[in-house]
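Right, one structure below, let's go through it.
The values are calculated or read from the model by the stated rules, or taken from the named source; none is laboratory data. Here the structure is a predicted model, which is why all the values come from computation and not from measurement. All Cβ positions, even for glycine, are placed from backbone atoms using ideal geometry, and neighbour counts span all protein chains on display.
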Amino acid sequence: MIGNGAKKFGLLLLAGLLLIASGCSSPGSKAGNSTGASGDDKSPITFTFFGADANPNWNNMHDDVGKEITVKTGVTLNAEFDVGSGGGQDKISLMAASGDYPDLIYAKGELGKLVDAGAVIDLTDLIDKYAPNIKKVMSKNMNRMKYSKDETAIYSIPTNIGVDQRVFDATSGFQVQFRVLKELGYPQIKTVQDFENALKKYVAKHPTTDGQPTIPLTLNADSWKIMITVTNQAAFTTGAPGDGEYYVNPDTYETTLHYKRPEEKEYFRWLNHMYNEGLLDKDSFVQKEDQYKAKIASGRVLGLTSVDWEYQDAENALKTAGKDDYTYGHFSVTLNEQYKDHTMQSFGVDGYGISITTACNDPVRAIKFIDWLSSDEGQVLRSWGIEGKHYKVENGKRVIPEEILDKKVNDAANFSKKTGIDMYSVFGVRYGDGVKDSTGNYYTTKFPEQIIASYSNAEKETLAAYKAKTWKDLFPSEKDFPIKEWGALYNMQVPTDGDYQVIFQKTQDIVRKRIPEAVLAKPADFDKIYDAFIAELNATGAEKMEKEYTELVKARVALFTGKDIK
C-alpha cells in the first residue's frame with residue numbers, strides 16, 4: 001500500500017504538471033484544438049480506454065448512444081476490454097510492469113496495482129474544479145470515493161453502483177427453470193432440500209431434453225467464477241452477507257475466511273450429497289465457462305446457483321430461440337429455515353470505478369467528459385437511449401414502446417450492440433434504480449412497472465403462482481438489515497506487496513483445489529477432507545492475513561462513518 005512521502009509528492013507533482021499541460025495531446029489521443037478549459041468544448045478528441053470486464057457487444061461507439069455522446073462531447077473512445085473472465089488481472093499487471101497505460105481505465109479490483117505503480121492521478125482537485133455533476137450526485141458520499149483512511153486521494157470514481165440505489169427485483173439466489181416449476185405445480189423453493197426435491201422429481205420424469213441428457217444442476221468453477229456459483233452461496237445460504245472471501249462480525253468487525261464458519265461446511269456437504277446422488281453435473285469443476293454456458297443455452301440445465309449476469313448470455317440465447325419456459329426464476333434459498341438470506345442487504349454507495357491515468361495529456365477534458373455523462377442528460381441517455389428512437393414521452397412520462405421492449409428483452413445482444421443502451425454505465429456516476437429526476441421520471445429503466453413489463457409470459461405466470469409481482473418479493477427485504485458500515489469489501493484496496501498478497505494467493509489456490517475435492521469425495525471422506533482444508537488454510541498463514549484484513553475493515557468503517565474504531 002502506498003503511503004511514503006516521496007511517492008505521494010511525486011504523484012501530486014505529476015498531477016500538477018498534467019493539469020498545466022492539459023491542452024496538449026498525447027500520442028494516444030487526438031486532442032485537436034482542445035483547450036481543456038472550455039465548458040462547452042466539443043472539438044474532436046479520442047481517449048484510449050481499458051475495461052476490466054469483458055464487453056462482447058462493444059461496437060466502437062457506432063451504436064446510437066455512442067454517436068450521441070460524441071455529438072454532445074466531441075469524445076470518441078478507442079476502447080479495449082478484458083477477454084473472458086479474468087477481471088483484467090493479467091492485462092493490468094502487464095501495464096503496471098511496462099508503464100504503458102490507456103488514458104482512462106476501469107480497473108475493478110486491480111486498482112491497487114495502478115496506485116502503487118503511480119499510474120493513476122488524484123482526481124480530488126479535478127472534481128472540485130470541473131465536475132459539478134459528479135459533486136452533485138456524490139455529495140453525501142464524497143468520503144466513499146477516497147482510497148483509504150490514510151491515503152485520502154480519489155483515484156477512481158465509483159460507477160458500477162448507483163447512488164441511493166433501490167432494489168426492485170432479485171437477480172441472484174437459486175434458479176429453477178419455469179418448465180420445471182409448472183409441471184411440479186409450483187412447489188415451495190425455500191431450502192436446499194426444496195431445491196433438490198424439485199430437480200430430482202423433474203429429472204426422474206424427463207431424463208433427456210431435446211435428445212440430450214438432462215442436467216439437474218451445473219456449476220461454473222472456471223477461474224474466479226467459482227466464487228459466484230459455488231463458494232459465495234455457502235455464505236448466503238447460511239445467513240451471512242456477501243463479503244467476498246471473508247465473513248465480518250458486524251459487532252466487532254473481526255474478519256475470518258468465511259469457509260471457517262461451521263455452518264458453511266454443511267452447505268458444501270450438501271453439494272457433496274448432490275454429486276453423489278447424480279444430481280450435480282460431474283463436469284462442474286473441469287468445464288470451461290463456454291461449455292457451461294453452452295449447456296444452459298441448450299435448455300437442458302434445470303437449476304443454477306448463480307446471478308443472472310453470470311449466465312445471461314446463455315439465457316438470452318434461449319429467449320432468442322423462443323424457449324422462455326427454459327429460462328429461470330430466482331428463489332431465496334437457505335440451508336434450512338433457521339437462516340435468513342442477506343442477499344438484499346445494502347452496502348451503500350461503494351464500488352468499482354473509472355480512473356484517469358498519467359498517460360492522459362488532457363485530464364481536464366477527460367474529467368469533463370465523465371462529468372457530462374454524470375449529468376441528468378447523460379444519465380438518461382445512457383439508460384434510456386434517445387427520445388423518439390428508444391423511448392417516447394406520454395403525459396410527461398418516459399415510456400418504452402412495446403416493439404422496442406420486445407427487442408431489448410428477446411434479442412438482448414443485438415439490441416445492446418445497435419443501441420448502446422446500458423453500454424456506457426462505467427463511464428460516469430449515476431443515481432440508482434428508483435431515483436427520480438426533476439421531471440418526475442426515473443433515471444433508469446429498472447423500476448417495478450418497467451421490470452414487470454419486461455417479464456416473459458412464462459415468468460409472469462410463475463410469479464402469479466407464487467403470489468409475487470417480482471422475484472424480490474420472494475426474498476427478505478433490505479429493510480430487514482442495516483446498511484453495511486464497511487461498504488462493498490470487493491472494492492476495498494488491500495496491500496499489493498508484502499505477506500498479504502502471498503498468503504491470499506495461497507489461500508485462493510487451496511480453496512480452488514480443496515472445495516472441489518471435498519464436493520467430489522465419497523460422503524464418508526468429506527469431513528476428513530474439509531477439516532484438512534481448514535487446517536491447510538491456517539498453516540499457510542490465513543490467521544495472520546485475517547488480522548491484517550480486520551484492521552483494514554476497521555479503518556474503512558472509520559472513514560465511512562466517522563466512528564472511532566478501536
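Per-structure values
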| read-out | value |
| --- | --- |
| Hits in the stretch 539-561 - residues which are within 25 Å of ALA488 (Cα to Cα) and without any contact (Cβ under 8 Å) to a residue 12 or more places away in the chain | GLU543, LYS547, GLU551 |
| Boolean, ALA21 is touching an Asp or Glu at 6+ places or on another chain (Cβ under 6 Å), aliphatic (A, V, I, L, M) and at pLDDT below 95 | no |
| Residue in the stretch 435-460 that is surrounded by the most Cβ atoms within 10 Å (Cβ to Cβ), counting only those that are of a type in the set (Lys, Arg) and closer than 14 Å to ARG166 by Cβ | LYS446 |
| Inter-residue pairs, beta-carbon under 6 Å, first within 26 Å of PHE560 (Cβ to Cβ) and in a loop (DSSP other than H, G, I, E, B) and in the stretch 468-487, second basic (Lys, Arg) and at pLDDT 95 or above, 6+ apart | PRO476/LYS340 |
| Residues located in the stretch 360-403, provided they are in a loop (DSSP other than H, G, I, E, B), crowded, with 23+ Cβ neighbours inside 10 Å and hydrophobic (A, V, I, L, M, F, W, C) | CYS360 |
| Within the stretch 198-292, strands (runs of 3 or more DSSP E) holding 2 or more residues that are under 21 Å from VAL307 (Cβ atoms) and within 27 Å of the chain's Cα centre (by Cα) | 215-217, 246-248 |
| Among residues of the stretch 275-301, those that are more than 16 Å from GLN212 (Cβ to Cβ), surrounded by 21 or more Cβ atoms within 10 Å (Cβ to Cβ) and of a type in the set (Val, Ile, Thr), counted | 0 |
| Test: residue in the stretch 193-214 that is acidic (Asp, Glu), within 30 Å of LYS282 (Cα to Cα) and out of contact with any helix residue (DSSP H, G or I) (no Cβ under 8 Å at 6 or more places or on another chain) | yes |
| Qualifying residue in the stretch 303-325 (condition: in contact (Cβ under 8 Å) with a residue 12 or more places away in the chain, in a loop (DSSP other than H, G, I, E, B), farther than 30 Å from ILE565 by Cβ and among the polar types (S, T, N, Q)) | yes |
| Residue satisfying all of: in the stretch 484-509; aliphatic (A, V, I, L, M) and surrounded by fewer than 19 Cβ atoms within 10 Å (Cβ to Cβ); farthest from THR252 (Cα to Cα) among these | VAL502 |
| Among the candidates GLU266, GLU245, residue that is surrounded by fewer than 20 Cβ atoms within 10 Å (Cβ to Cβ) and in contact with a Leu (Cβ under 7 Å, 6 or more places away or on another chain) | GLU266 |
| Of residues in the stretch 531-551 being of a type outside the set (Gly, Ala, Ser) and touching a Ser or Thr at 6+ places or on another chain (Cβ under 8 Å), the one farthest from THR256 (Cα to Cα) | THR540 |
| Failed item, numbered, when THR462 is tested on (1) modelled with pLDDT of 95 or more; (2) part of a helix (DSSP H, G or I); (3) within 24 Å of the chain's Cα centre (by Cα) | (3) |
| One residue from VAL83, VAL71 being part of a loop (DSSP other than H, G, I, E, B), hydrophobic (A, V, I, L, M, F, W, C) and at pLDDT 75 or above | VAL83 |
| Some residue of the stretch 535-549 being surrounded by 13 or more Cβ atoms within 10 Å (Cβ to Cβ), among the charged types (D, E, K, R) and closer than 19 Å to ASN232 by Cα | yes |
